[in-house]
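FYI, it's all coordinate maths here, none of it is from the lab. These numbers come from a predicted model, not from an experiment. A quick note on method: Cβ atoms are made from the backbone with ideal geometry, for glycine too, and the neighbour counts reach across all protein chains shown.
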Amino acid sequence: MGSPVSPIVADIFMEDFEEKALLTAPVTPRIYKRTFYKPPKKISQFLPSVKCHIPLQDAGVYKLDCECGLSYIGQTKRSIRTRVKEHIADVKHQRSGKSAVCDHILDGPNHYIRFDRPQILAKEHRFLPRMIREAIEIKKHPNFNREGGWVLPPAWDPIINKIKTKPKHTTARPQDIVSSFCIDRTINNN
């Protein structure tokens, strides 16, 4: 590392050198542009910030997939992680009246919800854009939501139908401790 004075000394030296070079040049240039020394970027400018931003800490619209091909679309002004934990608690305590996710799991043993992989569809803190985005996503994806969300004008239907996604069917059943616990509990209660 050099001294903080080095760029200043180099600039003074270059200014003197260029002045002498212009005076002794056989041909005088018509246009002359002075160049400046710019130090290279610091290492800290190349490194990412120390703060780790976890996506589930944001408010927004999220999707929980079920093995049957349907999904639950929800929105929250709090962190998505907190809302997913509430869904898990509702399933664990079998609060079917409070949660559409719990209702769906209790419908039968073929419902396996991936609580460990919530998909963030949109990050939005403002109320109205979040509600509209949730309504659009509910119309786009095959779901088991109890309500359709915000009522959208029928003029939006052709646009939403163009961007609809087809349901994914999974063949292998991934391991999820929470859903496995809930499925075992519903089988034992019957």
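Cross-linked pairs 42/77; 63/92; 98/164: Cα-Cα separations exceed 31 Å for 42/77.
Taking 0.36 nm per residue of separation and subtracting the current Cα-Cα distance, fully stretching the chain between residue 110 and residue 152 would add 11.9 nm. Straight-line cross-link reach from residue 162 at under 18 Å between alpha-carbon atoms covers these lysines, not counting any fewer than eight positions away in the same chain: 139, 140. Going from the fewest other Cβ atoms within 10 Å to the most, the residues 82, 24 appear in the order 24, 82.
Taking Lys and Arg as +1 and Asp and Glu as -1, the other residues whose beta-carbon sits under 10 Å from that of residue 79 total +4.
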